[in-house]
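Visitor: This structure is in structure tokens; I'll ask about it shortly.
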Amino acid sequence: MKLYAYLLLFVVRETLACNLTASEARQQWKANMEPFEDECIRKTGTKREIIDGFYDHGIMSDDPSWKCFHECVGSKEHIFTSTGSIITENVVKNFACVDAALVKKCFPTSGPDACERAYLAVKCANDNLEK
């Protein structure tokens, strides 16, 4: 009975979590990122205008610092292992409207570097919000 209740809660949570506009989902992503924002800005040199452009308007800059900003935040949120692999459960838990299928689709397992992989993952997830 407990398992059934848990599964029902999970399905309801997932259904409600993805019943958001793209803008609302990005705002939830922003709320998750905020505890690490200042530290990752210092580490990467990303301009706040780039960050706000994405979370407030969906504008995805290709600035190299922005790419590394995603890697920094992802590491802080325990989205990536120390070797750069994705922890699917943490992505699904921390990001509205992202499920395991989207993680599999969007999170590259290889690429030129960790910053580029993190950027491509966020870009793909954001692009899929629009659909």
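Visitor: Could you tell me which of the residues Ala125, Ala96, Ala121 is part of a loop (DSSP other than H, G, I, E, B), under 26 Å from Ile59 (Cβ atoms) and out of contact with any His (no Cβ under 6 Å at 6 or more places or on another chain)?
Guide: Working: Ala125 fails: part of a loop (DSSP other than H, G, I, E, B); Ala121 fails: part of a loop (DSSP other than H, G, I, E, B).
After applying the criteria, what remains is Ala96.
Visitor: Please determine whether any residue of segment 23-46 is crowded, with 18+ Cβ neighbours inside 10 Å and either out of contact with any helix residue (DSSP H, G or I) (no Cβ under 8 Å at 6 or more places or on another chain) or polar (S, T, N, Q) (or both).
Guide: Scanning segment 23-46, I find at least one residue that is crowded, with 18+ Cβ neighbours inside 10 Å and either out of contact with any helix residue (DSSP H, G or I) (no Cβ under 8 Å at 6 or more places or on another chain) or polar (S, T, N, Q) (or both), so the answer is yes.
Visitor: Yes or no: His70 crowded, with 18+ Cβ neighbours inside 10 Å and under 17 Å from Met33 (Cα atoms)?
Guide: Spelling it out, His70 is indeed crowded, with 18+ Cβ neighbours inside 10 Å and under 17 Å from Met33 (Cα atoms).
Visitor: Within segment 101-131, how many residues are of a type in the set (Ser, Thr, Tyr) and either surrounded by fewer than 20 Cβ atoms within 10 Å (Cβ to Cβ) or in contact (Cβ under 8 Å) with a residue 60 or more places away in the chain (or both)?
Guide: Result for segment 101-131: 2.
Visitor: Would you be able to say whether some residue in segment 43-53 is modelled with pLDDT of 90 or more, within 14 Å of the chain's Cα centre (by Cα) and β-branched (Val, Ile, Thr)?
Guide: Among the residues of segment 43-53, at least one is modelled with pLDDT of 90 or more, within 14 Å of the chain's Cα centre (by Cα) and β-branched (Val, Ile, Thr), which makes the answer yes.
The values are calculated or read from the model by the stated rules, or taken from the named source; none is laboratory data. Just so it is clear, the structure is predicted and the values come from calculations on it, not from any experiment. No Cβ is skipped: glycine too gets one built from the backbone with ideal geometry, and neighbour counts run over all protein chains shown.
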